[in-house]
Each structure stands twice: as structure tokens, then as C-alpha cells.
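What follows is a set of notes on a single structure, which appears directly below.
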Amino acid sequence: MIEVGKKIEIAANISIIFVAVMISLVLTKKFYFNPQTNTIPSVPIGKKLSFPDVDWTKSERSVVLALQEGCHFCSDSAPFYQQLVYETSKRKIPVIAVLPQPIDKGQSYVANLKVSISSVKQAPLKSIGVQGTPAVLLINSQGEVTDGWLGKLQPNKELEVLSKLR
């Protein structure tokens, strides 16, 4: 009788461990590996951005890149940002990098990524409504966010960003 009780206890413990592992895997997949999380729910469409020395009316559209020194997703996304800057330069669309670090560190970081952005601003990422990096924001001539993407983008999302610039 005691042996049967021990076997039931062992089976129950194994079941509990199995269920805990399965729940952990589901939650990890949902929150860390879900490609649908490439939108920015924290930046409401229509949010108005303001930076000293930035006149949004000079261009029909602008791009804001929210980056952060030490962000491996930012570094991994450098080839896309190089392509983005190339495409925007052909269309005379300004690109502004916003980092929480001081401007000189931000300029150095962007240069290390080999991304040719002349306008680097220092601002807390919260001030532009971004909770993570990297983020790409499309801004209209009134300084309002019209679209946004968060994280290292999948190739289909990179194409989506580029197509919105054409």
C-alpha cells in the first residue's frame, strides 16, 4: 500500500513538472518569439513628436530611429538601417536617430553601425512613447506618428517599412 502511494506521488510530481515546463514554453513563445509583436502599441498613431531644431514641415515625411547603445537588436538591424538611409536619401526624406545617451555617444554609436545619419538627438525613449529598441517611426509633416515598428524586423516587415516610404 505504501509503495502504491509513493508511485502516485512520483507520477503527480512528474505531471506537475511537465505542465510547468509546457506553460513556460507557451508563454516564452508568445511574449518573446511572436513576430506579431513588431508593432508599437505604446506609440499611438497621431502622437505628436517635438525636438528642438526639428522642423517637420520641411518634409512630407520623416523617419525616426529609436536606438540605444548596447542594444544587440539595434546592432543586428544595422544592415536594414543602412538600406533605409540609402532609400530615404534618394527621396530626400530626413532620418533622425534618437538615443537616450548623450549626443556625442549617440553619434559614435550610429557611426559604429555604419549608418549615415547626420541628425542624432538625445531624449529619453519614453518621451517619444517608445518602450523598447530598436524602433522605426514614420512621421508626417505635422510631426505626428503615422506608423511604427518595434524590434529587429523580419524581412517582410522591412519591406513594409520601405514600401511606406515610396
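Selection of the stretch 47-104 for residues being in contact (Cβ under 8 Å) with a residue 60 or more places away in the chain and hydroxyl-bearing (S, T, Y) yields S50, T57, S59, S62, S77, T88.
So which of P44, P79 ends up being at pLDDT 95 or above and either out of contact with any Ser or Thr (no Cβ under 8 Å at 6 or more places or on another chain) or open to solvent by 90 Å² or more (accessible area, probe 1.4 Å) (or both)?
Of P44, P79, the one residue that is at pLDDT 95 or above and either out of contact with any Ser or Thr (no Cβ under 8 Å at 6 or more places or on another chain) or open to solvent by 90 Å² or more (accessible area, probe 1.4 Å) (or both) is P79.
The set of residues in the stretch 85-109 that are over 11 Å from A66 (Cα atoms) and in contact with a strand residue (DSSP E or B) (Cβ under 6 Å, 6 or more places away or on another chain) comprises V85, T88, I93, P94, P102, I103, Q107. Each residue in the stretch 116-148 was checked for being touching a residue at least 40 places away in the same chain (Cβ under 8 Å) and more than 15 Å from the chain's Cα centre (by Cα), and 11 pass. Condition (residue is surrounded by 13 or more Cβ atoms within 10 Å (Cβ to Cβ), out of contact with any Leu (no Cβ under 9 Å at 6 or more places or on another chain) and of a type in the set (K, R)) applied to the stretch 136-155: is it met by at least one residue? Within the stretch 136-155, one or more residues are surrounded by 13 or more Cβ atoms within 10 Å (Cβ to Cβ), out of contact with any Leu (no Cβ under 9 Å at 6 or more places or on another chain) and of a type in the set (K, R). So, G132, is that one open to solvent by less than 10 Å² (accessible area, probe 1.4 Å), in contact with a Leu (Cβ under 9 Å, 6 or more places away or on another chain) and more than 25 Å from E60 (Cα to Cα) or not? Here the answer is no, as G132 does not meet what is asked.
The values are calculated or read from the model by the stated rules, or taken from the named source; none is laboratory data. Being a predicted model, the structure only gives us computed values, none of them experimental. Glycine also receives a Cβ, built like all others from the backbone with ideal geometry; neighbour counts cover every protein chain displayed. Heavy atoms of the whole protein, side chains included, go into the accessibility calculation; ligands, DNA and RNA do not. Shrake-Rupley method; radii C 1.70, N 1.55, O 1.52, S 1.80 Å.
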